[in-house]
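The values are calculated or read from the model by the stated rules, or taken from the named source; none is laboratory data. Please read these numbers as outputs of a predicted model, since none were measured by experiment. Glycine also receives a Cβ, built like all others from the backbone with ideal geometry; neighbour counts cover every protein chain displayed. We work out accessible area using only protein heavy atoms, side chains counted, and drop any ligands, DNA or RNA first. Shrake-Rupley method; radii C 1.70, N 1.55, O 1.52, S 1.80 Å.
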Amino acid sequence: MKVGISLPQLGPQASADNLIKVARRAEELGYDSAWVLERILWPISPKEPYPASPDGSLPDAYQIVLDPLETLTFVAAHTSKIRLGTSVLVLPYHTPIQLARRIATIDVLSGGRVDVGVGVGWSRDEFEAAGTPFERRGARCDEFLEAMIAIWSSDPVSFDGQFYHIPESRVGPKPLQKPHPPIYVAGFGTYAFERAAKYGNGWNPSGIPSWEWLEAMISQFQEVARAAGAGPMAVVLRAFTMVFPQAAPERQPMMGTLDEIKEDIHRLRSIGVTELVHSPPSIGFGSSSSMDEGIKAMEQLIEISR
């Protein structure tokens, strides 16, 4: 199982110095990948509750979010080996031609190190700000992926779909990775899994509501992938890892002492997770903790993850 780390792109931690410090230390420690997310605004009166929060509120850290692709470009210039991932880009906020070129550019500049996690999105406020209809976003994403893959793999390329149109053109650069950078599709249920099996290299879940839930979802995903002739496929899990000094009577997966989290990591490996991306609050979720605490957490987590 590969191991990744989220980068400090949120809230008070979001700075050039912190990005360099975390990315370089992660590379030194042997992390396989470094990851960013996408949020484009923090609505004052949100139309939709935030799915990852018990009360539906958005974390304050989301008021400041460095753009994911600019962040990865910056980090690419300060590293040489670690892979650079998005978990996730919300496809309907972009256009295929624009996003395909930006990702291909990062892949070229980084020496072929990009992993592309994508999703359909859930925030009506962000869809409104992006100028994209919320309805039929799943169908839009399917066509988006088809168009983006065509841009990366065809020369010249032309595309004539329901939502997107590209006149026959030469579009460069092409990604260094062939036929294109790995694509990991987020979301839950049959439609998301079918999208991953048809267009992607794997599934990109975020968080673990329960062990039973995760095991059932991985099993369902691999069944869909096999039925599509694509399985078995990668499962890249972004986990909100929280280390506590002592065990709690009741705890959530990936939240506990180092020994407890080590047991959880072994369990993730056994049920089919192929890459675990740690997102400890001290680094990847806009905590006010010092970056020294975040670096210490990175060092502890890589030691128990191998």
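Note that the chain presents 44 Å² accessible area per residue, ligands and nucleic acids not counted, probe 1.4 Å. May I ask which of Lys2/Lys47; Lys174/Lys198; Lys47/Lys296; Lys81/Lys262 have a Cα-Cα span longer than 32 Å here? Lys2/Lys47; Lys47/Lys296, as the Cα separations exceed 32 Å there. Excluding Ala247 itself, what net charge comes from residues whose Cβ is under 15 Å from its Cβ, given Lys and Arg +1 and Asp and Glu -1? Spelling it out: positives minus negatives among the neighbours equals -3.
Rg and Dmax of region 226-306, based on Cα coordinates, read 14.4, 48 Å.
A simple count of charges around Gly138, restricted to other residues whose Cβ falls under 11 Å of its Cβ and scoring Lys, Arg +1 and Asp, Glu -1, yields 0. Among beta bridges identified by DSSP and lying wholly in the chain, the antiparallel ones come to about 10 percent.
Taking the 1.4 Å solvent-accessible surface of the chain as the whole, the part contributed by carbon and sulfur is 52%. Between Ala77 and Asp292, the modelled label-to-label distance comes to 2.9 nm, taking each label 7 Å out from Cα in the direction of the beta carbon. The GNM of the chain, with springs linking C-alpha atoms under 10 angstrom apart, assigns the highest mean-square fluctuation among Val277, Val235, Val171 to Val171. Peptides 243-249, 213-219, 156-162, 86-92 ordered by packing proxy, namely the average of other Cβ atoms within 10 Å per residue, highest first: 86-92, 213-219, 156-162, 243-249.
For the chain, place one equal point scatterer on every Cα, skip the solvent, and apply the Debye formula. What is log10 of I(q)/I(0) at q = 0.06, 0.09, 0.15 Å⁻¹? With one equal scatterer per Cα and no solvent, log10 I(q)/I(0) is -0.19, -0.43, -1.29. Taking a span of 15 Å or more along the helix axis (Cα atoms) and a mean Kyte-Doolittle hydropathy of at least -0.5 as the rule, the DSSP H helices of the chain that qualify are 16-29, 96-110, 137-153, 211-227, 291-305. For the chain, the 222 nm mean residue ellipticity estimated from helices alone, with every DSSP H stretch of n ≥ 4 adding -39500 (n - 2.57) and the total spread over all residues, rounds to -12500 deg cm²/dmol. If you wrap the tightest convex hull around every Cα atom of region 92-144 and split its volume per residue, you get 84 Å³.
Amide H to amide H, with H built 1.01 Å from N, Val114 comes under 5 Å of Leu84, counting only residues 5 or more places away or on other chains. Model label sites at Ser158 and Ser270, defined 7 Å from Cα along the beta-carbon direction, differ in position by 5.6 nm. At the residue level, Arg102 shows approximately 60 square angstrom of accessible surface with a 1.4 angstrom probe and all protein chains present.
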